[in-house]
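Scroll down for the structure; my scribbles are underneath it.
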Amino acid sequence: MSTTAPTSTDSFWHSEAAIARRKKRHGADRRLQIFGITAITIAIGLLGILIVSLVSTGYQAFVQTEIALPVNVSSEEVSRDDPSKGDYRDLIRQALHAEFPDVGDSEFRQLEQMLTRNAQFIVRDRVVSNPSLVGQTTTFHIPMADPIDQLNKGVISAETPEDRRRVSNVQVELFDQMEQRGLVSTPFNWGLFFNADSRFPELAGLAGAIVGSFYALLVCFLISFPVGIAAAVYLEEFAPKNRLTDIIEVNINNLAAVPSVVFGLLGLAVFLNFFGLPRSAPLVGGMVLSLMTLPTMIIVTRASLKAVPPSIREGALGMGASKHQVITQHVLPLALPGILTGTILGLAQALGETAPLLLIGMNAFITSPPGGIMEPATALPTQIFIWADSPERGFVARTSAAILVLLGFLITMNMIAIFLRSRLERRW
Amino acid sequence: MSAVAVAANDKAFETVRTPDPEPRPIKIKASDVSVFYGEKQALFDVSIDIPERAVTAFIGPSGCGKSTFLRCFNRMNDTIDICRVTGEMLVSDANIYDPRLDVVELRARVGMVFQKPNPFPKSIWDNIAYGPKIHGLAKTKAEFDVIVEESLQKAGLWNEVKDRLHEPGTGLSGGQQQRLCIARAVAVSPEVILMDEPCSALDPIATAKVEELIDELRENYTIVIVTHSMQQAARVSQRTAFFHLGILVEEGPTNVLFTSPKEKRTQDYITGRFG
Ligand SMILES: Nc1ncnc2c1ncn2[C@@H]1O[C@H](COP(=O)(O)OP(=O)(O)O)[C@@H](O)[C@H]1O
Ligand SMILES: [Mg+2]
């Protein structure tokens with residue numbers, strides 16, 4: 001520039017060449033900005049499409065069609081002392097007969113099928129938990145079978161010819177009748193969160209998967225958090241810098257890049273086949289997931305330890321603090337926000353991980369939430385996998401709903417991580 | 001660099017020494033101290049006596065090994081893996097490189113203040129109480145309170161911070177932070193305080209305060225200060241040592257060294273011909 005600059009700088013900056021250069025520079029700035037905005041728009045758009053498509057198929061699973069049915073739990077059928085025994089199926093039949101006296105014998109079966117097949121057990125469980133219901137007539141809210149639920153939600157249309165829908169004309173008529181009499185309601189589907197898996201979509205819920213995921217993450221955290229921190233502290237603060245530690249370092253980074261399905265195979269071979277741990281157990285799931293999060297944990301912790309300014313270490317050492325005091329009293333507390341953020345992100349990653357859990361059998365059909373880490377369970381992502389594979393119409397919406405629940409948990413965890421980071425972050 | 005190597009081979013670097021007119025008792029005695037960073041030698045056979053209850057200043061161009069030498073006095077060089085120290089270093093006649101010596105104890109007796117103020121990101125009170133706590137110098141809160149107040153008084157900071165002892169030390173101004181670090185060092189009642197360019201990050205007013213403080217502390221402590229400012233060395237120290245390329249070129253009473261240096265290199269440096 002100095003070679004081309006004429007003697008008068010003023011005329012230099014106002015020359016045509018200078019104006020052209022300035023225009024070009026501004027244009028380049030603007031283009032870069034436009035590229036950036038476009039990229040962000042595309043990213044947000046894709047995310048939007050994902051959420052919209054999930055919500056539009058999944059929202060229906062958040063409500064469930066129910067019928068209010070007065071059932072007379074007669075003391076002849078059910079004994080007050082042992083209410084678990086008794087012909088509840090017959091009680092339901094009697095209740096339906098009483099409510100719909102006009103329905104003839106030939107059509108009664110179709111009426112019965114409009115309720116969930118587990119109606120008798122729902123009534124039984126309520127009576128068992130509250131034996132004073134024996135001898136009384138109580139109105140039970142019973143979920144309706146999946147085809148009727150779909151009819152109510154408009155997925156199955158009454159206009160469709162009878163032979164092409166899973167609801168008979170009789171059932172359509174009966175449903176209209178029920179609606180007119182105000183027996184039908186569509187409340188929020190708490191069962192989605194509090195029921196375990198079921199073959200019947202109207203009863204299937206995520207409780208087993210949520211509890212299973214919770215246990216697996218707990219195990220994963222209990223293993224990877226202390227082990228990860230200890231390993232990182234050793235590598236960062238104690239390990240001599242030699243070939244061996246270089247190899248360890250490289251391999252930890254390699255481990256972080258290993259596809260998770262490989263860890264699943266390892267878990268299958270080592271934990272199940274060699275150590276004989278139970279299949280489908282959250283314990284094994286957590287152990288496999290911890291193999292996956294451990295390298296991430298070590299890397300994040302080391303980065304946080306590195307970020308603690310050396311002047312703090314020097315200050316403490318200069319005061320006569322010994323190595324363990326410097327680490328436990330100064331370095332770790334200062335690194336903790338970073339470590340916690342990394343931990344939450346690592347756990348969030350583990351929560352969404354499917355492949356290793358499939359390999360150790362956490363995709364079994366299990367109808368009750370696990371009572372502990374050794375009991376068979378599913379996890380949220382594997383539950384989605386199972387439901388996505390089920391043919392019933394009701395599972396389509398439930399799959400989307402389950403994905404939304406999973407995303408909800410992930411977003412919550414990420415928000416906590418971001419909150420922690422911005423809240424506890426220290427500037428020196 | 002090659003000049004240094006030649007000098008090392010020729011053993012042509014005798015230190016020029018001017019004794020004090022009335023000698024003081026000796027606190028630290030270094031004999032033939034050499035320091036190596038890996039293969040590279042940073043200090044060449046430095047021998048010096050540091051007098052008790054006086055300020056000794058190390059001056060010299062940057063990179064000449066002043067900090068390296070200072071960090072030998074409390075074995076802070078131990079924390080650098082590749083650093084190796086040879087020679088003998090006596091503090092109160094005890095060899096501090098004796099393998100049986102506990103560095104924790106040494107660092108309680110030989111405190112250090114660093115170039116950049118580095119208070120812990122804790123409260124002012126916690127900053128001062130930290131040393132006494134890890135060395136078991138106090139037990140009850142009342143005992144700690146006494147130490148905290150005394151140390152802050154000695155560092156001339158008490159009046160400025162007495163109402164906010166429980167606010168973070170990092171919230172103070174730079175000069176206050178550095179005086180907090182001095183108070184923190186004083187809190188464990190050391191015999192020696194090492195200061196590595198303690199004012200280089202401070203403005204002139206804060207610098208003046210710290211210099212004043214150093215002058216007061218001299219009554220009770222042996223102070224060794226590294227400084228790149230010759231005016232500062234002239235203002236605060238009683239003895240000055242001039243280093244050049246890892247060699248202790250000349251040492252003597254400060255007024256003698258600055259008014260009639262005996263070595264050509266010293267003269268060139270203090271007259272600003274290089275540095
Ligand atoms: N941690 C270290 N590792 C390697 N070399 C170092 C280290 N610290 C200092 N040195 C080297 O030792 C020499 C003296 O450095 P230093 O004592 O910091 O000088 P000064 O404090 O006088 O400016 C320099 O050449 C410097 O590069
Ligand atoms: Mg230095």
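Read-outs: derived from the displayed coordinates by stated rules, not from any lab. Please read these numbers as outputs of a predicted model, since none were measured by experiment. Here the Cβ positions follow ideal geometry from the backbone for every residue, glycine too, while neighbour counts run over all protein chains shown.
On a 0 to 90 degree scale, rounded to 10, what angle separates helix A:119-129 from the longest Cα axis of chain A? Result, in degrees: 80.
How long are the three semi-axes of the equivalent ellipsoid of the stretch A:207-424, in whole Å, if each is the root of 5 times an eigenvalue of the C-alpha gyration tensor, listed from largest down? Spell out each step's value before the answer.
Working: eigenvalues 274, 76, 37 Å².
Equivalent-ellipsoid dimensions as semi-axes: 37, 20, 14 Å.
Working note: Karplus 6.51/-1.76/1.60 with θ = phi - 60° gives the stretch A:270-281 the couplings 8, 6, 7, 6, 8, 7, x, 6, x, 5, 6, 7 Hz, where Gly and Pro are set to x. Straightening the chain between A:Tyr59 and A:Ser311 buys 85.2 nm, computed as 0.36 nm per residue apart minus the Cα-Cα spacing.
Semi-axes of the equivalent ellipsoid for the stretch B:88-133, computed as √(5λ) from the eigenvalues of its C-alpha gyration tensor and ordered from largest down, come to 27, 12, 8 Å. With the highest mean first, a sort of the peptides A:236-243, B:131-138 on other beta-carbon atoms found within 10 angstrom per residue produces B:131-138, A:236-243. Peptide B:126-139 has a mean of 2 when you count, residue by residue, the C-beta atoms of other protein chains within 10 Å of its C-beta. Calculate the tail of P(r) for the stretch A:1-129: the fraction of all Cα-Cα distances greater than 21 Å, expressed in %. Result: 70 percent of Cα pairs exceed 21 Å.
Relative intensity of the stretch A:63-142 on a log10 scale, I(q)/I(0) at q = 0.13, 0.15, 0.18 Å⁻¹, equals -0.38, -0.50, -0.71, per a Debye sum over C-alpha point scatterers of equal strength in the absence of solvent.
Entry for the stretch B:3-270 at q = 0.08, 0.11, 0.16 Å⁻¹: log10 I(q)/I(0) = -0.32, -0.61, -1.23, Debye formula applied to identical alpha-carbon scatterers, no solvent contribution. Look at the alpha carbon pairs under 8 Å that are at least 6 residues apart: their mean separation over the length of chain A gives a relative contact order of 19 percent. Loop-located trypsin sites (Lys or Arg not before Pro) in the stretch A:9-54 (DSSP state not H, G, I, E or B) with no more than 14 neighbouring Cβ atoms inside 10 Å do not occur.
Write down the percent of antiparallel bridges among all DSSP beta bridges whose residues are both part of the protein assembly as shown, to the nearest 5.
Values: 36 of 55 bridges.
Approximately 65 percent, going by the DSSP bridge assignments.
The Cα-based radius of gyration of chain A, divided by its Kirkwood radius, gives an Rg/Rh of 1.17. For A:Ser129 and A:Leu277, the FRET efficiency from 1/(1 + (r/R0)^6), where r spans their Cβ atoms and R0 equals 25 Å, is about 0.10.
Counting other Cβ atoms within 10 Å, keep those with at most 12, restrict to DSSP loop, and tell me which chymotrypsin sites (Phe, Trp or Tyr not before Pro) in the stretch A:261-302 are left. Display every interim value, and only then the final one.
Numbers: sites: A:Phe263, A:Phe271, A:Phe274, A:Phe275; in loops: A:Phe275.
Hits after loop and neighbour filter: A:Phe275.
Its Kirkwood hydrodynamic radius, worked out from the mean inverse distance over all distinct Cα pairs, puts the stretch A:248-375 at 16.8 Å. With the simple spin-label model, which puts each label point 7 Å out from Cα in the Cβ direction, the A:Asn72 to A:Glu249 separation comes to 8.3 nm. Between the beta carbons of B:Ser229 and A:Val227, assuming R0 = 41 Å, the FRET efficiency works out to 0.20 to the nearest 0.05. In the stretch A:358-413, the C-alpha radius of gyration followed by the widest Cα-Cα span (Dmax) gives 12.0, 33 angstrom.
Remark: mean inter-chain Cβ contacts per residue of B:105-116 equal 3, using a 10 Å Cβ-Cβ cutoff to other protein chain atoms. For the stretch B:1-157, the convex hull drawn through the C-alpha positions has a volume of 163 cubic angstrom per residue.
Please report the projected area of the stretch A:214-314's Cα convex hull averaged over all directions, in nm². Walk me through the numbers before you get to the answer.
On the way: hull surface 30.2 nm².
Spelled out: convex hull of the Cα atoms, projected over all directions, averaged, 7.6 nm².
Where the centre of each part is set by its Cα atoms, how far does the stretch A:175-241 sit from the stretch A:245-285, in angstrom? Value for the Cα centre distance between the two parts: 22 Å. If you run the Gaussian network model on chain A, springs between alpha carbon atoms under 10 Å, then out of A:Leu46, A:Leu294, A:Leu183 the most flexible one is A:Leu46. For B:Ser123, the residues 5 or more places off, or on other chains, whose built amide H falls under 5 Å of its own are B:Gly169. For the pair B:Asp215 and A:Arg22, label points projected 7 Å from Cα toward Cβ lie 5.6 nm apart. Helix A:88-99 and the long axis of chain A differ in direction by around 70°, with both axes built from C-alpha atoms.
With coordinates expressed along the principal axes, the C-alpha atoms belonging to the stretch B:129-275 extend over 57, 29, 24 Å, beginning with the largest.
Computed over chain B with a Gaussian network model linking Cα atoms closer than 10 Å, the most mobile of B:Val192, B:Val146, B:Val91 is B:Val146. Relative contact order, whole percent, for the stretch B:96-173 stands at 41, derived from Cα pairs under 8 Å and 6 or more residues apart. The GNM of chain A, with springs linking C-alpha atoms under 10 angstrom apart, assigns the highest mean-square fluctuation among A:Asn152, A:Asn130, A:Asn253 to A:Asn130. Per-residue mean of foreign Cβ neighbours for A:318-331 is 6 (Cβ atoms of other chains, 10 Å radius). Identify the residues of the stretch A:67-89 with backbone N under 13 Å of a label point that sits 7 angstrom from the Cα of A:Gln136 along the Cα-to-Cβ direction, or state none. What the label zone holds, given the 13 Å backbone N cut-off, is A:71-74. Here r is the Cβ-Cβ distance between A:His97 and A:Thr38 and R0 is 60 Å; the resulting FRET efficiency, rounded to 0.05, is 0.35.
Can you tell me what the convex hull of the Cα atoms of the stretch A:82-187 projects to on average, as an area in nm²? Write down the numbers at each step before the final one.
Numbers: hull surface 29.4 nm².
The orientation-averaged projected area of the Cα hull of the stretch A:82-187 comes to 7.4 nm².
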